[in-house]
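**Student:** Here it is, the structure, as structure tokens.
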Amino acid sequence: MTIAVYPGSFDPITNGHIDIATRAAQLFDKLIIGIYDMPDKRILFSVEERVNLVRRAVTQIPNIEVTSFSTLTVDFAKEVGAKVLVRGLRMVTDFEREFEMSLMNKKLYPELELVCLMTGLQYQFLSSSLLKEVAGLGGDIRNLVPEFVASALKEKLGNE
Ligand code: ADP
């Protein structure tokens, strides 16, 4: 059985993340979405809130599990028995960051292979940080996140 992990901040989950998770779940027997539980002042949603939103977003896909972790990604992957690390690529800057991290990860856990999936064309510009900025200024985010994520953002940002 091939287990893959898809780690990230997911603050909050977007349709871009959901697209990558859906496609990765078709490639591997089990996909574990791992949500970083680390102090970061730019994070808007608590780890519990992020886990709940991600769980809701992928509830229809039976071979996806969602959990949080507060260790190195490679240690999390080892702990759950994953041999594959999934990441999404949007642009050249993503590639450079992933390339650098993957070389370090190879040193730490040589058996772990990185699989990068290219973003869907419609999600190329979509990031959680840009989404929060647009939502914070009252912009329309309806086609970028599930309905319940849009509501959670409105509530959090106080612009209901
Ligand atoms: P991180 O802080 O690790 O970048 P994110 O939640 O921002 O956490 O992203 C998690 C993963 O999902 C990363 O591999 C990122 O490149 C990917 N990702 C984020 N948004 C998109 C998108 N719109 N299309 C494809 N991949 C995406």
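Each value in this text was obtained by applying a stated rule to the coordinates, not by laboratory testing. Predicted, not measured: the structure shown is a model, and the values here were computed from it. Positions of Cβ are generated from backbone atoms using ideal geometry, with glycine treated the same way; all protein chains shown enter the neighbour counts.
**Student:** Are any residues in region 30-61 within 14 Å of Tyr6 (Cβ to Cβ) and either hydrophobic (A, V, I, L, M, F, W, C) or within 14 Å of the ligand (Cβ to nearest atom) (or both), and if so, which ones? Don't jump to the end; show me each part of the working.
**Tutor:** Taking region 30-61 first, the residues within 14 Å of Tyr6 (Cβ to Cβ) are 30-36, 50-51, 54-55, 57-58, 61.
Residues satisfying the conditions are Leu31, Ile32, Ile33, Gly34, Ile35, Tyr36, Arg50, Val51, Val54, Ala57, Val58, Ile61.
**Student:** Here is a follow-up. If a residue counts only when it is out of contact with any Ser or Thr (no Cβ under 7 Å at 6 or more places or on another chain), hydrophobic (A, V, I, L, M, F, W, C) and over 21 Å from Glu113 (Cα atoms), which strands (runs of 3 or more DSSP E) contained entirely in region 20-97 have at least 2 such residues?
**Tutor:** Values: elements: 30-36, 64-69, 84-89.
In region 20-97, no matching strands (runs of 3 or more DSSP E) lie anywhere.
Yes/no matrix, rows are residues, columns are (1) touching a His at 6+ places or on another chain (Cβ under 6 Å); (2) surrounded by fewer than 19 Cβ atoms within 10 Å (Cβ to Cβ); (3) closer than 24 Å to Arg142 by Cα:
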site: Ile3; (1), (2), (3): no, yes, no
site: Ala21; (1), (2), (3): no, no, yes
site: Ile32; (1), (2), (3): no, no, no
site: Met38; (1), (2), (3): no, yes, no
site: Phe76; (1), (2), (3): no, no, no
site: Leu114; (1), (2), (3): no, yes, no
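**Student:** So which residues in region 116-155 are surrounded by 18 or more Cβ atoms within 10 Å (Cβ to Cβ) and of a type in the set (A, V, I, L, M, F, W, C)?
**Tutor:** Leu126, Leu131, Ala135, Ile141, Leu144, Val145, Val149, Ala150, Ala152, Leu153
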